[in-house]
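Reviewing the structure listed below.
Only the coordinates and a few stated rules stand behind these numbers; no lab work does. Everything quoted here is computed from the prediction, not taken from an experiment. Because the Cβ atoms are built from the backbone with ideal geometry, glycine has one as well, and the counts that use them run over all protein chains shown.
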Amino acid sequence: MDKIKIAIAGLGNCASSLIQGLEYYKDKEEKDAIGLMHWEIGGYRPFDIEVVAAFDIDERKVGKDVSEAIFAHPNCTTVFCPDIPETGVKVTMGNIKDGVSEHMMNYEDQYRFIPATEPESTEEDVVSILKDSGAEILLNFLPVGSEEGTKFYAQCALDANVGFVNNMPVFIASNPEWAQKFADKGIPIIGDDVKAQLGATITHRTLADLFNKRGVKLERTYQLNTGGNTDFLNMLNRDRLSSKKTSKTEAVQSVLSERLEDHNIHIGPSDYVPWQQDNKLCFLRMEGKLFGDVPMNIELRLSVEDSPNSAGVVIDAIRCCKLALIRGVGGILYSPSSYFMKHPPQQFTDDVAHLMTNEFIEGKREN
């Protein structure tokens, strides 16, 4: 089978984990391929994905081969596959837009972005590269808060006629205006904001759904997260957090039988701890009432490596997007979006979303 050809906007930790995974699973067989939700989707295995174009703005990555750039600072995720062959794909200078928060300049070079001095790519430049490279799908891995940057690359995907997987909490698939643009051009889109394989959001949602099914009234809850990667450093600027907080909060609210009042639910990053690097700590508390209005609570501490946790989901999103391209299905892919993303256009409980996604893969559902 031909490779699935992808382009990536933002070669940070998440892209690093994904690209390491493409190589890591090459010598695996289905029976010992740990960490995958699906070994094969439409005949495509994890290593049937190929990076053909990449965009970043950091001087330590621009102009480098993708195989080298994914290990450059400020990336700090676990290296589980260090021997990545040269790809022959050089990282192109992207368009900065709102991708770099000013407060980052107060931190040491190894922790922050250092914008390259090369001319930024225009929309025409990016579209040309996408077309010339043969890319079929563009992945958005820009930093949290990159509203204008995400819209820039979404428009480039439309103009280049390539599928779009929006892994970041900027609302494109869940924005009716943008969704209509993809539908009008018959281009598939999956989004928004990737839901980790087993992270804070999916755990919180599962517990909230459990409360519902067991007749426990949830009265208040919080989810506090700390980490030491550039995502958490970036989010110290609270002005960049609006869509992220909405995405994470709605992911939990959507599975409740009755929405909590805003003052009874708090979900969002708490602080940046440099030595944690790409490790994310989630502190979760849920308070409710059982039979006879008797109070109960649960507290949970979850520790995960943030970026590999997302890569295991994105690798499926890519293959589902490819299936849509093969089948000539455009617009929102509702089933994969509901299972893979925190803020899809339409929310379903995860067991329903899982069933819908498998039906999509099997060809029993159009989208």
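Taking only the alpha-carbon positions of region 1-127 and ignoring solvent, what does the Debye formula give for the base-10 log of I(q)/I(0) at q = 0.20 Å⁻¹?
Taken in order of the listed q values, log10 I(q)/I(0) reads -1.14.
Suppose R0 equals 25 Å; then what is the FRET efficiency for LEU236 and ASP262 from their Cβ-Cβ distance, rounded to the nearest 0.05?
0.65
Starting from the Cα-Cα distance between GLN180 and GLU40, subtract it from 0.36 nm times their residue separation and give me the gain in nm to one decimal.
That works out to 47.4 nm of additional length.
Which of the three applies to region 58-145, rounded, prolate or oblate, going by the alpha-carbon gyration tensor with a ≥ b ≥ c and a/c under 1.5 meaning rounded?
oblate
With both partners inside region 47-181, how many of the DSSP beta bridges are antiparallel, as a percent to the nearest 5?
So the antiparallel bridges amount to about 25 percent of the total.
Size of the dipole of region 1-153 about the Cα centre, Lys and Arg at +1 and Asp and Glu at -1 on the beta carbon, nothing else charged, in debye to 20?
Dipole size: approximately 220 debye.
For region 152-285, how big is Rg over Rh, using alpha carbon atoms and the Kirkwood form of Rh?
The Rg/Rh ratio comes out at 1.02.
How far is helix 176-185 tilted, in degrees, relative to the longest principal axis of the Cα atoms in the chain, given as a value from 0 to 90 rounded to the nearest 10?
The helix 176-185 is inclined about 40 degrees to the chain.
Based on the Kirkwood radius over alpha-carbon pairs, what value in µm²/s does the Stokes-Einstein equation return for the translational diffusion coefficient of region 1-69 at 20 °C and 1.002 mPa s?
The estimated diffusion coefficient comes to 163 µm²/s.
Arranged from highest to lowest average of other beta-carbon atoms within 10 Å per residue, in what order do the peptides 98-107, 293-302 appear?
Packing proxy ranking, top to bottom: 98-107, 293-302.
Principal axis lengths of the chain from Cα atoms, whole Å, largest first?
66, 52, 43
In what sequence, highest mean first, do 83-93, 253-263 appear when ranked by Cβ atoms within 10 angstrom? List each step's numbers first, then the result.
Values: 83-93: 15.7, 253-263: 13.1.
The peptides rank, most packed first, as 83-93, 253-263.
Counting Lys and Arg as +1 and Asp and Glu as -1, each charge on the Cβ, what is the dipole of the chain about the Cα centre in debye, to the nearest 20?
1000 debye
What value, in deg cm²/dmol to 500, does the helix sum -39500 (n - 2.57) over DSSP H runs of n ≥ 4 give at 222 nm once divided by the residues of the chain? Mind dumping the intermediate values first?
Details: 11 runs with 123 residues, N = 367.
Rounded to the nearest 500, the figure is -10000 deg cm²/dmol.
About its Cα centre, what dipole magnitude does region 210-333 give when the only charges are +1 on Lys and Arg Cβ and -1 on Asp and Glu Cβ, stated in debye to the nearest 20? Display every interim value, and only then the final one.
Details: 17 positive and 15 negative charges, 80 e Å.
In total the dipole reaches around 380 debye.
Order these peptides, 270-279, 221-230, by their mean beta-carbon neighbour count within 10 angstrom, highest first.
So the peptides 270-279, 221-230, ranked by packing, come out 221-230, 270-279.
Residue separation times 0.36 nm, minus the C-alpha to C-alpha distance between ASP271 and ILE326: what's the value?
Value of the extension gain: 15.5 nm.
Can you list the residues of region 46-82 with backbone N under 14 Å from a point 7 Å past the Cα of GLN110, pointing along Cα to Cβ?
Counting only backbone N, you get 72-77.
Pairing the Cα long axis of helix 147-160 with the longest principal axis of the chain, what angle in degrees results, from 0 to 90 and rounded to the nearest 10?
Helix 147-160 sits roughly 50 degrees off the main axis of the chain.
When the Karplus curve 6.51 cos²θ - 1.76 cosθ + 1.60 is applied with θ = phi - 60°, which whole-Hz ³J(HN,Hα) does each residue of region 15-28 get, with x for Gly and Pro?
5, 4, 5, 4, 5, 4, x, 4, 7, 4, 7, 4, 9, 9
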